[in-house]
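Visitor: Handing you this structure, nothing more for now.
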Amino acid sequence: MPEKKTRKKKLSFALLLQMLISIAYGAILIHMTVVILDQRTTGWILYMMNYLPQLIIIISSVAFLFILRVRHRTHSIDSTLLPLLFSFIALESTAILPLYAEITGIMILPPNAVLILERFAIFSAAVVFVFSAVQYYGTNASRIKLYLTIAIGAALFLSLAAPINTGTGSLASMKVFTSQYDTYLMIILTVIYLISIFTYIAAVIKDRATHSISRTSAFILLMIGNFLVISNELITAAIAAILYVTGIVMLTVTSKTTF
């Protein structure tokens with residue numbers, strides 16, 4: 001019973017955090033739109049649209065956690081991993097802050113801090129995806145939490161240790177993966193996602209139950225969507241949002257029997 005209450009508190013905290021982030025993100029988009037229209041610099045509108053799919057992703061994650069919380073389905077290890085995963089995905093939205101500073105002149109965080117936080121969120125989400133797949137191989141839950149803590153610590157170290165290049169252009173053009181070092185980080189990130197995908201596929205081969213296939217398909221869509229949205233390019237980000245929301249819907253349906 002205490003463990004169940006603890007998981008509910010974690011779920012509620014993650015839900016609250018993501019609700020606040022989604023509200024802040026939406027407010028930032030609205031404020032930028034008002035400033036752009038007021039200054040009649042409508043050329044920024046199309047650039048700003050690149051970040052709209054991220055809001056859709058955050059809102060869909062909030063909706064799923066809300067459903068998970070209302071149903072009180074907290075007996076699975078997923079009740080620990082999913083709130084953590086969606087919290088990191090929500091933190092990836094800090095990518096909009098440089099553009100916000102460029103358009104409004106309001107700098108919420110320094111450019112270096114934005115890049116570090118975004119790197120950390122991106123890598124942490126990737127490692128949580130890996131552990132969400134590994135848990136279905138019968139690994140002890142306490143060990144998963146220990147290894148996950150170590151992995152997230154490594155993600156933080158990597159985010160802090162890798163050199164930062166904010167570029168010489170405008171804040172709006174600043175991206176998380178631009179320098180030569182970031183190319184290596186992107187390779188590492190790609191490898192982590194591939195490991196996650198192959199681990200899920202192997203899990204399905206091991207257990208060919210319908211709910212396992214549905215759950216695996218949902219997580220693969222979430223992974224691909226979250227990976228693609230990093231580009232902050234409108235078409236790619238829109239495709240990412242569609243894949244991600246589809247994954248959320250499938251995961252919601254699957255949650256009736258697995259969470």
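Visitor: Can you figure out the FRET efficiency of PHE13 with ALA113, using R₀ = 25 Å and their beta-carbon distance, to the nearest 0.05? Write out the running numbers ahead of the final one.
Guide: Details: r = 23 Å, r/R0 = 0.91.
Here the calculated transfer efficiency is 0.65.
Visitor: Once you have the Cα-Cα distance between ILE242 and ILE45, take 0.36 nm times their residue separation minus that, and quote the gain in nm to one decimal.
Guide: Details: separation 197, 0.36 × 197 = 70.92 nm, distance 2.11 nm.
Using 0.36 nm per residue and subtracting the Cα-Cα distance, I get 68.8 nm.
Visitor: 7 Å from Cα along Cα→Cβ at both ILE23 and VAL249: what's the point-to-point distance in nm?
Guide: Result: 2.9 nm between the two label points.
Visitor: Rounded to the nearest 0.05, what FRET efficiency do LEU146 and VAL34 give with R0 = 51 Å and r taken as the Cβ-Cβ distance? Could you check?
Guide: On the way: r = 47 Å, r/R0 = 0.93.
So, using R0 = 51 Å, E works out to roughly 0.60.
Visitor: Using 0.36 nm per residue of separation minus the Cα-Cα distance, give me the extension gain between THR183 and ILE235 in nm, one decimal.
Guide: Net length gain for the segment: 16.5 nm.
Visitor: Test of understanding: express the Cα radius of gyration of region 192-253 as a ratio to 2.2 N^0.38 Å, with N the residue count.
Guide: On the way: Rg = 12.3 Å, N = 62, 2.2 N^0.38 = 10.6 Å.
In units of the 2.2 N^0.38 Å rule of thumb, it is 1.16.
Visitor: Work out how much length ILE213 to THR190 would gain on full extension: take 0.36 nm times their residue separation and subtract the Cα-Cα distance, in nm to one decimal. Walk me through the intermediate numbers first.
Guide: Numbers: separation 23, 0.36 × 23 = 8.28 nm, distance 2.28 nm.
Length difference between fully extended and current span is 6.0 nm.
No lab work stands behind these numbers, since they all come straight from the coordinates. Remember, it's a predicted structure, so these values are computed and weren't measured experimentally. Note: ideal-geometry Cβ built from the backbone for every residue, glycine included; neighbour counts use all protein chains shown.
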